[in-house]
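Since the structure comes first, as structure tokens, the remarks are kept for the end.
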Amino acid sequence: MNKWQIAFWSCLIILLLVTAFSIYSITDQAVTLTYQKDSYTNTENDLDNLMEIVNKTNLTKQEIKIKLKNHRLYKYMDFNTDTVSLDRVSLIFNSNKLIKIIKQW
């Protein structure tokens with residue numbers, strides 16, 4: 001093999017490696033942004049729900065339960081316990097009154 005063939009194959013291999021790395025990086029960034037958008041949407045939904053709960057109820061468990069009827073996770077919420085979890089926050093009750101809101105993670 002002469003120098004031109006070695007140079008050609010070297011450049012071709014480098015080009016293929018750079019292309020593969022670029023495709024991987026772009027795909028990884030797209031997946032990361034998608035999950036970040038979903039997470040942001042969940043956080044915004046929690047914030048909207050909390051604003052509605054605080055502004056439109058006297059903070060009893062029954063009124064909060066009525067306000068959360070349209071929440072997408074409503075069927076998984078257990079209102080028989082002292083803790084009700086939304087996407088990223090938990091509502092802590094004592095004697096059916098809301099006493100604290102904590103973030104889960």
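Read-outs: derived from the displayed coordinates by stated rules, not from any lab. Just so you know, these numbers come straight off a predicted model, no measurement behind them. Cβ: placed from backbone, ideal geometry, glycine included. Neighbour counts: every protein chain shown.
Assorted remarks:
- Unmet requirement for Ile66, which otherwise passes all of (1) farther than 16 Å from Leu91 by Cα; (2) within 26 Å of the chain's Cα centre (by Cα): (1)
- Filtered by the rule that a residue be touching a strand residue (DSSP E or B) at 6+ places or on another chain (Cβ under 8 Å) and closer than 13 Å to Asp46 by Cβ, the stretch 86-105 gives Arg88, Val89, Ser90, Leu91, Ile101, Ile102, Lys103, Gln104.
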